[in-house]
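The values are calculated or read from the model by the stated rules, or taken from the named source; none is laboratory data. The model shown is predicted, which means the values in this text are computed figures rather than measured ones. Virtual Cβ from ideal backbone geometry, glycine too; neighbours counted across all protein chains shown.
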Amino acid sequence: MFFGSPYPLTPLETASVDDHDSSGQSKGIYDYIIIGGGTAGCVLANRLSKNPALKVLLLERGDARTGWATRVPLMSTNFMGDESAAYRWPAAHPVGDSRLLSLVTGKGLGGGSSINSMQYTRGSPAEYNRWSESGRQGWSYAEIEPYFKRSENFVNAPVATEHHGTQGEWSVRDMGGFTSPRRNRICVDACAALGLPFCKDINDPAAPLTACAKLDCTIDAKSYRNSTFSAFLPSRLAEERKSHLHICTGAAVTALDLEVGPNGQKLARGVSFQANETGSKILHARARREVILCAGAIATPQILLLSGIGPKDKVKQPLMAELPGVGQNLVPRPHGHGIMYGVPTDQSLHIIQTSRLRAIVELFRYIAFGEGLFLSPVTQLSILVDSNLIDESGHILPRTDTEPANLPDLELMPVHFNYSDPPIPIEAGVLSLKVGLMRPRSRGTVALASDDPLHRPACDLAFLTDPADLAVMRKGIRLAKRIGEKMRELGTALKDLYMPDSESDADLDAFIRKTVRTTYHYGCTCRMAPESDAGVVDDELRVHGIQNLRIADCSVLPEMMSTHLQAPVVMIAERCADMILSPNA
């Protein structure tokens, strides 16, 4: 893939309806048009193009990143300075000490799955059963588990595989031992001593909701990152299907092309798009059957608003369909970098930055044997906790088997790296205990900053605007300190490096506001819910009031989940493909 022919792409002009091809058939007319070639879009393009009788167009604003480094797990996660890998722009309003936080979203085929930390976490069955109990028909865990298994290829499995898929395209790997084995084992033991049991398989439906869990990663058997781009749209498949699957990169969608039928019903007939540069010619493609938005929780509502769909006073005029829920209920999960300890540099990922010899050795280990630090995910443990189980001193309360289990609203992650803003010297080894809010109550918005589709939207993150979020984060910081103290008791050397001044509410609140940032998990801006409940799509992912238009990405989540989002998004794409291709669709 990396040293052969260029990735087979279709020129934008060829995908448009402006003229005719050499066979005399109209160009730019497709059965299905997919907007967004990210985590979900690559899956959907694969599934819909399986039938060669169906003509499919995939439009992606970024490019096809196929270089070797884009597949090396550690290198591909370091995306912050790579403009080809991610969009990065400031939020609409400051947080805490007047800081303007940045939003980051994936750019290019594979989207976030090409640059994220590669965690594969489905979420508890209780997540989906809540959806079902609230009226979302077809979304209970028993109904959606087959879609997880369909895409998954679980490799290197030391645990039972009855709940995993082994025949899918998407490689999910148990990473075996820890990168820092002694310190991670002590962290596991510290959690167990505090009442947080160790879970070997976080994706087992019977896994405890509150636990210290080992993370699986989307890394294949050859030790490469397995994004949905490389898994579902590899060069070989794209070449085989290029007659009926057109993949266009550098394509910025300007609006949906809508028509009003004789009975007043709105229909999505296609899309308008242009090259991703100012002043480009507007092109059009038409869909015989459906248009599916897979642009993510930020860009999907932006495209709807640009198309006149959304709150009547916030859309680009003319108003085509009033849907008040579009762009509302943004849940951008916040985390603080938590507390930080100093550790020996050679026990931290900083060793690659500080020792050229060690970097060369580790790179050789990766190239020759597929092992070492360049294989390592940044995070290997997730500590999931229901904050109701944490007392005011940061200890876990005793539980009984008869008490109802609540979904975790906190995630603590030990990371052997400086994830923070403070100027920690690069030669210092760091262990961070990140504290993240999984189910925040604060709600933000996505709105148009401009009618120009090339401008990034105005996103109000609304971090910590609900006081309940601060209360939960305080408990998380206190628990992190108890874990660090217990690790010291068990024999690991940790030096206080960056801590709150005290554990008073006031000092913890100041610390949280000073260090809060986004985890880059965004959702719920086009919720699957009735219109009366600020919903945008129905249980079949069809946009309310508009025929031939669906959404399949994290914007449709009815509520934010207590898990990382890439696996649920792939499941949603798999389910959407079945809905579309069903004989009753």
Practice task
Considering (1) under 19 Å from Ser387 (Cβ atoms); (2) at pLDDT 95 or above; (3) not aliphatic (A, V, I, L, M), say which one Arg456 fails and leave the rest.
Solution key: (1)
Fill in the blank from the handout: By residue number, the members of the stretch 217-248 that are modelled with pLDDT of 95 or more, small (Gly, Ala, Ser), surrounded by fewer than 18 Cβ atoms within 10 Å (Cβ to Cβ) and over 18 Å from Tyr30 (Cβ atoms) are Ser235
Exercise for the section: Those residues that are under 31 Å from the mean Cα position of the chain (by Cα) and surrounded by fewer than 16 Cβ atoms within 10 Å (Cβ to Cβ), I need them from the stretch 343-362; list them, please. Expected result: Asp346, Gln353, Ala359
Completion exercise
Of the listed residues (Ala458, Ala480, Ala462), the one being at positive phi and out of contact with any Asp or Glu (no Cβ under 9 Å at 6 or more places or on another chain) is Ala462
Practice task
Those residues that are in contact with a Gly (Cβ under 9 Å, 6 or more places away or on another chain) and either modelled with pLDDT of 95 or more or in a strand (DSSP E or B) (or both), I need them from the stretch 277-297; list them, please.
Solution key: Leu283, His284, Ala285, Arg286, Ala287, Val291, Ile292, Leu293, Cys294, Ala295, Gly296, Ala297
Exercise for the section: Could you list all residues from the stretch 514-567 that are among the aliphatic types (A, V, I, L, M), outside any loop (DSSP other than H, G, I, E, B) and within 30 Å of Glu259 (Cα to Cα)? Expected result: Met528, Val537, Val543, Ile546, Leu549, Ile551, Val556
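Yes or no, residue by residue, for (1) buried (at least 17 other Cβ atoms within 10 Å of the Cβ); (2) free of Cβ contacts under 8 Å to residues at least 40 places away in the same chain; (3) in contact with a Gly (Cβ under 8 Å, 6 or more places away or on another chain):
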{"site": "Ser113", "(1), (2), (3)": "yes, no, yes"}
{"site": "Tyr141", "(1), (2), (3)": "yes, no, no"}
{"site": "Ile186", "(1), (2), (3)": "yes, no, yes"}
{"site": "Lys200", "(1), (2), (3)": "no, no, no"}
Problem - Tally, over the stretch 455-470, of residues that are surrounded by 15 or more Cβ atoms within 10 Å (Cβ to Cβ) and over 19 Å from the mean Cα position of the chain (by Cα) - result: 6
Practice task
Please note which strands (runs of 3 or more DSSP E) are completely contained in the stretch 55-162 and include at least 1 residues that are farther than 23 Å from Val43 by Cβ and of a type in the set (Ser, Thr, Tyr).
Solution key: 102-106
Practice task
Could you tell me which of the residues Ala428, Ala447 is touching a Gly at 6+ places or on another chain (Cβ under 9 Å), modelled with pLDDT of 95 or more and small (Gly, Ala, Ser)?
Solution key: Ala447
Practice task
Might you let me know whether the stretch 412-421 holds any residue that is in a loop (DSSP other than H, G, I, E, B) and at pLDDT 90 or above?
Solution key: no
Exercise for the section: Go through (1) at pLDDT 95 or above; (2) under 28 Å from Gly110 (Cβ atoms); (3) crowded, with 19+ Cβ neighbours inside 10 Å one by one and return the number of the condition Cys191 breaks. Expected result: (2)
Practice task
Could you tell me whether the stretch 364-379 includes any residue that is at pLDDT 90 or above, assigned to a loop (DSSP other than H, G, I, E, B), crowded, with 18+ Cβ neighbours inside 10 Å and on the phi > 0 side of the Ramachandran plot?
Solution key: yes
Practice task
For Asp505, state whether it is surrounded by fewer than 17 Cβ atoms within 10 Å (Cβ to Cβ), within 21 Å of Gly135 (Cα to Cα) and out of contact with any helix residue (DSSP H, G or I) (no Cβ under 6 Å at 6 or more places or on another chain).
Solution key: no
Exercise for the section: Would you be able to say whether some residue in the stretch 32-41 is modelled with pLDDT of 95 or more, surrounded by fewer than 23 Cβ atoms within 10 Å (Cβ to Cβ), under 27 Å from Ala573 (Cα atoms) and not charged (D, E, K, R)? Expected result: no
